[in-house]
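First the structure, in the form of structure tokens, and then the observations on it.
Taken together, the values in this text are just the output of simple stated rules run on the coordinates, not laboratory data. Nothing here was measured: the structure is a model prediction, and the numbers come from that model. Note that each Cβ is placed from the backbone with ideal geometry, even for glycine, and that neighbours are counted across all protein chains shown.
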Amino acid sequence: MVSGPTDAAFEKCGDAEGFAKSSGIQVDLHLAEIVERLPKQIELALFRVLQESLTNVHRHAKASTVDIEVLCTDDLVILAVSDDGRGLHPDVLQRFRGGHAGGIGLAGMRERLAELGGRLEVDSGPTGTRIRAILPIHECDPADAPAENISISPD
């Protein structure tokens, strides 16, 4: 599993190894170094988005690989979950972009992030889906350390 300073913000990352083994889906982690522990409400929001995203990948996407990326900019933390599955149905994506539910999971993720001043971006097509949870934060310093890259196979 992930260890070291990176796991301070994502110690509850959802057990990527367990997900890979139970789902049969390859997991690639790209984690930015986060110097200070993120506020609990930010960690929880990111964890819930990750959890819901992985659940959706497992249940619906028919993906073979999922990429989980945590990026930091000067004032944002971004969680991106991308899969190589079949993508969302165009009607679901259109309803989501129009501000309608687009699915209970997507609506819940969007609402949770909005409560913290963040937003949810969803891009999807026949070759996969990318969910980006974007939250304002000041605990990240992208110049402090390089990202950590980890690949976890389902075997």
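Just checking, how many residues over region 49-80 are of a type outside the set (Asp, Glu) and over 13 Å from Ile134 (Cα atoms)?
16
Do you know which of the residues in region 60-77 that are part of a strand (DSSP E or B) and over 8 Å from the mean Cα position of the chain (by Cα) is farthest from Glu121 (Cα to Cα)?
Looking at the filtered set, the residue picked out is Thr65.
Residues of region 53-65 being under 18 Å from Met109 (Cα atoms) and either buried (at least 19 other Cβ atoms within 10 Å of the Cβ) or among the polar types (S, T, N, Q) (or both), which ones?
Listed by number, the residues that qualify are Ser53, Leu54, Thr55, Asn56, Val57, Ala61.
For residues that are of a type in the set (A, V, I, L, M), within 16 Å of the chain's Cα centre (by Cα) and outside any strand (DSSP E or B), tally how many sit in region 25-42.
So the answer is 5.
Select from region 86-124 the residues that are of a type outside the set (A, V, I, L, M, F, W, C) and in contact with a Pro (Cβ under 9 Å, 6 or more places away or on another chain) and write down the one among them that is farthest from Ala63 (Cα to Cα).
Residue satisfying both the conditions and the ranking: Gly117.
Would you mind finding the one in Gly105, Gly87 that is within 24 Å of Leu31 (Cβ to Cβ), under 17 Å from the mean Cα position of the chain (by Cα), touching a residue at least 40 places away in the same chain (Cβ under 8 Å) and not in a strand (DSSP E or B)?
Gly105
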